[in-house]
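Enquirer: There's a structure below that I have some questions on.
The values are calculated or read from the model by the stated rules, or taken from the named source; none is laboratory data. None of the values given here were measured: they were computed from a predicted structure. Cβ coordinates were reconstructed from backbone atoms using ideal geometry, including for glycine residues, and neighbour counts include every protein chain displayed.
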Amino acid sequence: MFAGSYNPGIFVWVEDTKVVGFSAADPRNGNIFALFVEEAHEGRGIARALFERACNVLDEAGCPRMWLTTWPGTRAERFYRKAGWQVTGSHDGNLVFERHGRLSESSPSIRLPRSG
């Protein structure tokens with residue numbers, strides 16, 4: 001289940017009163033600066049749902065450029081590539097991923113798992 005904070009770019013995933021994942025995006029500059037899910041909860045679509053929420057916040061804010069960084073050769077790199085983001089460079093050893101423009105109507109929608 002989602003529990004949104006007062007910052008419109010921060011979302012947490014809570015199960016049985018425990019935070020098992022979160023994402024954070026900054027609508028001021030288009031950066032997604034956090035996406036984490038506890039290892040025991042991976043593979044259930046939680047990261048994809050949190051990532052989509054972060055992207056939606058940036059879309060709604062009208063960010064023309066969305067960007068994030070991650071280390072090369074990681075699960076995160078594979079996740080962002082699979083999500084259709086493009087590597088546009090590197091910074092301090094991190095890959096810089098970007099997506100321009102709003103989500104298209106044809107973008108696949110992520111269905112949230114039912115809780116409880």
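Enquirer: Across the stretch 60-84, what is the total count of residues that are of a type in the set (Asp, Glu) and buried (at least 16 other Cβ atoms within 10 Å of the Cβ)?
Expert: 1
Enquirer: Then there's this: Just checking, how many residues over the stretch 55-74 are touching a residue at least 24 places away in the same chain (Cβ under 8 Å), closer than 23 Å to GLY93 by Cβ and not hydroxyl-bearing (Ser, Thr, Tyr)?
Expert: The qualifying residues number 5.
Enquirer: Ok, one more. Would you confirm, using the coordinates I've provided, whether ARG28 is surrounded by 18 or more Cβ atoms within 10 Å (Cβ to Cβ), charged (D, E, K, R) and outside any strand (DSSP E or B)?
Expert: Spelling it out, it is not the case that ARG28 is surrounded by 18 or more Cβ atoms within 10 Å (Cβ to Cβ), charged (D, E, K, R) and outside any strand (DSSP E or B).
Results for (1) hydrophobic (A, V, I, L, M, F, W, C); (2) modelled with pLDDT under 95; (3) part of a helix (DSSP H, G or I), shown as yes or no for each residue.
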| residue | (1), (2), (3) |
| --- | --- |
| TYR6 | no, yes, no |
| VAL20 | yes, no, no |
| ALA24 | yes, no, no |
| LEU50 | yes, no, yes |
| ASN56 | no, yes, yes |
| THR69 | no, no, no |
| ARG102 | no, yes, no |
| ILE110 | yes, yes, no |
| GLY116 | no, yes, no |
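Enquirer: Does THR88 count as polar (S, T, N, Q), under 12 Å from the mean Cα position of the chain (by Cα) and not in a loop (DSSP other than H, G, I, E, B)?
Expert: no
Enquirer: Let me ask you something else. Exactly one condition in (1) under 14 Å from ALA76 (Cβ atoms); (2) at pLDDT 95 or above is false for GLU42; which is it?
Expert: (2)
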